[in-house]
1. Extending each Cα 7 Å along its Cβ direction at Glu69 and Asp338, get the distance between those two points in nm, one decimal.
2. Compute the length gained on full extension between Asp125 and Arg39: take 0.36 nm times their separation in residues and subtract their Cα-Cα distance, giving the result in nm to one decimal.
3. Within segment 47-86, list the residues whose amide N lies under 16 Å from a label point set 7 Å along Cα→Cβ of Lys170.
4. Give me, ordered by chain and number, the residues 5 or more places off Ser52 or on other chains with an amide H under 5 Å from its own placed amide H.
5. Along segment 360-366, what does the Karplus equation 6.51 cos²θ - 1.76 cosθ + 1.60 (θ = phi - 60°) give for ³J(HN,Hα), rounded to whole Hz, x for Gly and Pro?
6. Rounded if a/c is under 1.5, else prolate if a/b beats b/c, else oblate: with a ≥ b ≥ c from the C-alpha gyration tensor eigenvalues square-rooted, which is segment 51-172?
7. For Glu280 and Thr195, what is the calculated FRET efficiency with R₀ set at 30 Å and r taken between the beta-carbons, to the nearest 0.05?
8. State, to one decimal in nm, how far the label point of Arg90 lies from the label point of Glu356, with both points 7 Å from Cα in the Cβ direction.
Amino acid sequence: MGQAEVTELGLAMAERGEASGLGAGGEAPAPVELGFVERAPPARLVSSQFPSKVGGRPAWLSLCVPGPERVRCGGCARPLVFLLQVYAPRGRAFHRALLLFCCALPACPSRRFAVYRSQLGRINDFYPAEPQPEAEAPLRPGPGPRLCRVCGAAGPKSCSRCRRAHYCGKEHQSADWRAGHRAACGRPGEAADRTSSPNILFPEYELVMELEEEQIVGSEDTEDQKLEDLKMCMESLSTASSDCETQPLDEKELEAMAKHETKEDQIFNKFKRTTALAPEQVLRYCRGGSPLWVSGENIPTDTDIPNCSCGAKRVFEFQVMPQLLYQLKVDRLGESLDWGTLVVYTCEQSCDHGNEYSPEFLWKQDFSAD
Ligand SMILES: [Zn+2]
Ligand SMILES: [Zn+2]
Ligand SMILES: [Zn+2]
Ligand SMILES: [Zn+2]
């Protein structure tokens, strides 16, 4: 028996190694990293510092930023709001970032999301090959890309009076006009690079990543739970046996009760147990791993996840947790923005698109109605 167990374990490990190698472009799935929000000086959250961050304006990696039409909601056609970005270099992609945008318009019939991947080699058009100290040395001489002073997306439109204020479109131009540009337009003190903050953006934080601690693996809890159930069973049995003839029936009933945990309960309980050990986590990162579902409903199958434009499969990379909604003070924005989890799948090959941003895939799962 002992010998057989050892052999089976060895085989299982070999199979797992091989399967994961095939599953994620030759890389074994890494342990889960958890993301937490922290206040940080704005200088740390700019493009040249390659941040992972939440809220505020995007810290574009490639400075060939996507046109504003690519950062619009497919439902209401209004500009999407920057939600977060994860800096996750890998292999040949010396720099690599995933940026996530969402529609925050309360009245939108179908709140859409957009995810873009940008990656650059060590030698690239925008950044030095060696890391630069914080808040030193601008990215490169000359002006950066024209960005909307409200949302930080590409800003091809300019104020027709001063021609110094740039916008992604008329929505943010009028928001800025009301928020103060009406009075400041054309004044010498009104710098072209001033940013405007009508109440449109999410509060800004750094996203700090930490390894998830090993002991919180869900299966151990399950084993403990089974033992507890067994003990409970045995205790009831010993009291029952002294004064009752229907012992076998009681035993069966108890077993049935102990096992009465529906698939839905199991998934949600695993979610609760896993997140309870680090309740402030707003993101889980594990490229090639598996997401932690909040519900048994609406889990995508392989065919629900479209391949990348290069033809390669997409694999799980990270998920946004519902805890982020609290951090974003969504209530302050008077909105019903909501999710159970947002699961991001990316090209298994991390295919190269030069300075372009390539779209990736997001799956939204809500909590079960029960
Ligand atoms: Zn919308
Ligand atoms: Zn804008
Ligand atoms: Zn103006
Ligand atoms: Zn691809």
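Readers should treat all values here as calculations from the given coordinates under stated rules, not as data from a laboratory. Model, not experiment: these values are computed from the prediction. Neighbour counts are summed over all protein chains in view; Cβ atoms, including those assigned to glycine, are modelled from backbone coordinates with ideal geometry.
1. 3.5 nm
2. Net length gain for the segment: 27.9 nm.
3. Counting backbone N atoms under 16 Å from the label point, the list is 69, 77-79.
4. Hits under the 5 Å cutoff: Tyr87, Leu207.
5. For segment 360-366, the Karplus-derived couplings read 10, 10, 10, 10, 9, 10, 9 Hz, x marking Gly and Pro.
6. oblate
7. 0.55
8. 2.1 nm
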